[in-house]
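The values are calculated or read from the model by the stated rules, or taken from the named source; none is laboratory data. This is a predicted model, so every value here is computed, not measured. Cβ: placed from backbone, ideal geometry, glycine included. Neighbour counts: every protein chain shown. Please note that ligands, DNA and RNA were not included when accessible areas were found on the heavy atoms of the full protein model with its side chains. Shrake-Rupley method; radii C 1.70, N 1.55, O 1.52, S 1.80 Å.
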Amino acid sequence: MDFLQGLSGPGGSDFFSLDLSDSDDMASGNGKAGTTSDKDKLHPEVVKNLELHQGFMRQAIDVAEEALKGGETPVACVLVHEGKVVARGMNDTNRSLNGTRHAEFLAITQFLSKMPASKLKETDLYVTVEPCIMCASALRQYGIRCVYFGCGNDRFGGNGSVLPVHYDKGLEEGYPSYGGLFRKEAIMLLRRFYIQENENAPNPRAKGNRELKPVV
């Protein structure tokens, strides 16, 4: 189950949360993103309507803040249909001890309680961290229209960082994916999480000497 984005978290857990070079390593200031300016560049398609995209991603960031306050991995998303947020989701891997309860799956569940699955083909996803391989595959099977994400997922990313699940050859049609929206804010949320103690971890590691690095 190495493909799950919910496998390595604060306190030494091998199951509950993200393990990203943009997050856990960067909690100690050792991440790669701070030295790679290309990661801050937005695709021209995003820049065309930047204020709109930022507004939806800001809502995802706000949900991730809620997750952090609850001791959960601060990854969250919103689903946008016809210009309106119709579903939200945040990671629930820490609380549930279930590595499949990622933000995208919870948002899709909420969406399907209101609308038919066919409407996902007319829906965009805004998520604070690049979907993992598992979530990227599910999004493709559901036919999501487009994905916008904050920071990359250098260990489990399914939208290009590890595997291009969103557009490689397959039975289902692929979807476009654009990263970098509020990338620094997404990374800072993860840093704040990774310096905390994790009471749910089977082998907790002391984090008292970790400092929050403000520079991304």
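Taking region 112-132 as the range and being of a type in the set (A, V, I, L, M), open to solvent by less than 20 Å² (accessible area, probe 1.4 Å) and within 18 Å of Gly174 (Cα to Cα) as the test, the residues that pass are Leu120, Leu125, Val127.
Of the set (1) open to solvent by 50 Å² or more (accessible area, probe 1.4 Å); (2) outside any loop (DSSP other than H, G, I, E, B), all apply to Leu171 but (2). Does Ser161 fit the bill of being open to solvent by 30 Å² or more (accessible area, probe 1.4 Å), touching a strand residue (DSSP E or B) at 6+ places or on another chain (Cβ under 9 Å), polar (S, T, N, Q) and without any contact (Cβ under 8 Å) to a residue 60 or more places away in the chain? Yes.
Residue under question is Thr109, and the condition is that it be outside any helix (DSSP H, G or I), farther than 25 Å from Asp40 by Cα and either open to solvent by 10 Å² or more (accessible area, probe 1.4 Å) or of a type in the set (Phe, Trp, Tyr) (or both); does it hold?
Numbers: outside any helix (DSSP H, G or I): no; farther than 25 Å from Asp40 by Cα: yes; either open to solvent by 10 Å² or more (accessible area, probe 1.4 Å) or of a type in the set (Phe, Trp, Tyr) (or both): yes.
It is false that Thr109 is outside any helix (DSSP H, G or I), farther than 25 Å from Asp40 by Cα and either open to solvent by 10 Å² or more (accessible area, probe 1.4 Å) or of a type in the set (Phe, Trp, Tyr) (or both).
I'd like to verify a number: residues in region 48-62 that are exposed (fewer than 12 other Cβ atoms within 10 Å of the Cβ) and assigned to a helix (DSSP H, G or I), how many?
So the first thing to find is which residues in region 48-62 are exposed (fewer than 12 other Cβ atoms within 10 Å of the Cβ), and the list is 48-51.
Remaining after also requiring assigned to a helix (DSSP H, G or I): 50-51.
Of the residues in region 48-62, 2 are exposed (fewer than 12 other Cβ atoms within 10 Å of the Cβ) and assigned to a helix (DSSP H, G or I).
For region 169-192, enumerate the residues that are hydrophobic (A, V, I, L, M, F, W, C) and in contact (Cβ under 8 Å) with a residue 40 or more places away in the chain. The answer is Leu181, Phe182, Ala186, Ile187, Leu189, Leu190.
Scanning region 66-85 for residues that are open to solvent by 10 Å² or more (accessible area, probe 1.4 Å), under 19 Å from Leu181 (Cβ atoms), free of Cβ contacts under 8 Å to residues at least 40 places away in the same chain and in contact with a helix residue (DSSP H, G or I) (Cβ under 9 Å, 6 or more places away or on another chain) returns Gly83, Val85.
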